[in-house]
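The values are calculated or read from the model by the stated rules, or taken from the named source; none is laboratory data. These numbers were taken from a predicted model, which means no experiment stands behind them. Methodologically, a virtual Cβ is constructed for each residue, glycine included, from the backbone with ideal geometry; neighbour enumeration extends over all protein chains shown. Side chains included, ligands, DNA and RNA excluded: accessible areas come from the protein's heavy atoms. Shrake-Rupley method; radii C 1.70, N 1.55, O 1.52, S 1.80 Å.
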Amino acid sequence: MIRLEQVTKQYDMGGGLTVLHALNLDIGDNDYLGILGPSGSGKSTLLHILGLLDRPSAGRYLLHGRDTGALDDSERSRLRGRMIGFIFQSFHLLSSLSVQENVELPLHYQRVGKAEREQRAREALQSVSLSHRLHHRPNQLSGGERQRTAIARALVTRPDLILADEPTGNLDQKTGQEILEVFDELHQAGKAIVLITHDPAVARRIPRIYHIVDGHLHEAPP
Ligand SMILES: Nc1ncnc2c1ncn2[C@@H]1O[C@H](COP(=O)(O)OP(=O)(O)O)[C@@H](O)[C@H]1O
Ligand SMILES: [Mg+2]
């Protein structure tokens, strides 16, 4: 599904800061991989590149064989909306909307009609066991329920690839384990998943682990 070839990311901070150094990475259609590294090691930068939110300074990113560097911003955002679901540490839910409305939002942007939006949002929420919370607001939910809502929002567009940046970082141990069980189910359902974490206990559950250290990527022995 994904191939990174010699992907480098630099920021122009007087002298230049190289955050990612010539990364090579292949991700298959149903791979579940974890990227483990300390704060500041380049994890989010890599996830933003994989999610087409940012571009490499050098190197190539192929998605389903297409060179994403050749796409303009509107083609990239269309591809992102169709193929990729994001999950963040801090959930990023809109507090003024209900659970169901939050989950419908990506379909709004894709101009999906109301009846289909509602049905798909309910299905996505059912898949994360939240059918009993459709009309709650985010501030009426537990942390685990908020993250389940965010997962449903990521799933509602039926992405092939799920990108998760520290998805258990704001949750207690037990709730974090429950969220990781949801990721196991997504993997079993055929999704490709890239999960970023700085927590070795989270990484231990993931089949394929890479370490990122000072912007260099190393595959850990299985
Ligand atoms: N837009 C930016 N401009 C300049 N430096 C940045 C920018 N984004 C991230 N960085 C720097 O890149 C490094 C890696 O950041 P990041 O990918 O967020 O790390 P992580 O997610 O592993 O904590 C950090 O040193 C950070 O300060
Ligand atoms: Mg980060």
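Scan the range 70-85 and report the pairs whose first residue is closer than 24 Å to Leu186 by Cβ and small (Gly, Ala, Ser) and whose second residue is open to solvent by 80 Å² or more (accessible area, probe 1.4 Å) and assigned to a helix (DSSP H, G or I), with Cβ atoms within less than 7 Å and a gap of 6+ or a chain change. Pairs found: Gly81/Tyr109.
What are the pairs with Cβ atoms under 9 angstrom where one residue, in the range 30-51, is closer than 9 Å to Ile212 by Cβ and open to solvent by 20 Å² or more (accessible area, probe 1.4 Å) and the other, located anywhere, is within 13 Å of ligand 2 (Cβ to nearest atom) and outside any helix (DSSP H, G or I)? Sequence gap at least six, or different chains. Here the result reads Leu36/Ile196; Leu36/Thr197; Leu36/His198; Leu36/Asp199; Leu36/Ile212; Pro38/His198; Pro38/Ile212, each pair linking the range 30-51 to a residue that is within 13 Å of ligand 2 (Cβ to nearest atom) and outside any helix (DSSP H, G or I). Look at (1) more than 16 Å from ligand 2 (Cβ to nearest atom); (2) open to solvent by 20 Å² or more (accessible area, probe 1.4 Å); (3) on the phi < 0 side of the Ramachandran plot and you find that Leu25 fails only one, number (2).
The criterion of at least 1 residues that are within 16 Å of ligand 1 (Cβ to nearest atom), modelled with pLDDT of 95 or more and closer than 24 Å to Leu105 by Cβ is met, among strands (runs of 3 or more DSSP E) falling completely within the range 156-216, by 161-165, 192-197.
Screening the candidates Leu217, Leu107 for the property of being surrounded by 17 or more Cβ atoms within 10 Å (Cβ to Cβ) and closer than 25 Å to Thr45 by Cα yields one hit, Leu217. Looking at the range 111-130, which of its residues are surrounded by 13 or more Cβ atoms within 10 Å (Cβ to Cβ) and either in contact with a helix residue (DSSP H, G or I) (Cβ under 6 Å, 6 or more places away or on another chain) or among the charged types (D, E, K, R) (or both)? Scanning the range 111-130 gives Arg117, Glu118, Arg120, Ala121, Arg122, Glu123, Ala124, Leu125, Val128, Leu130.
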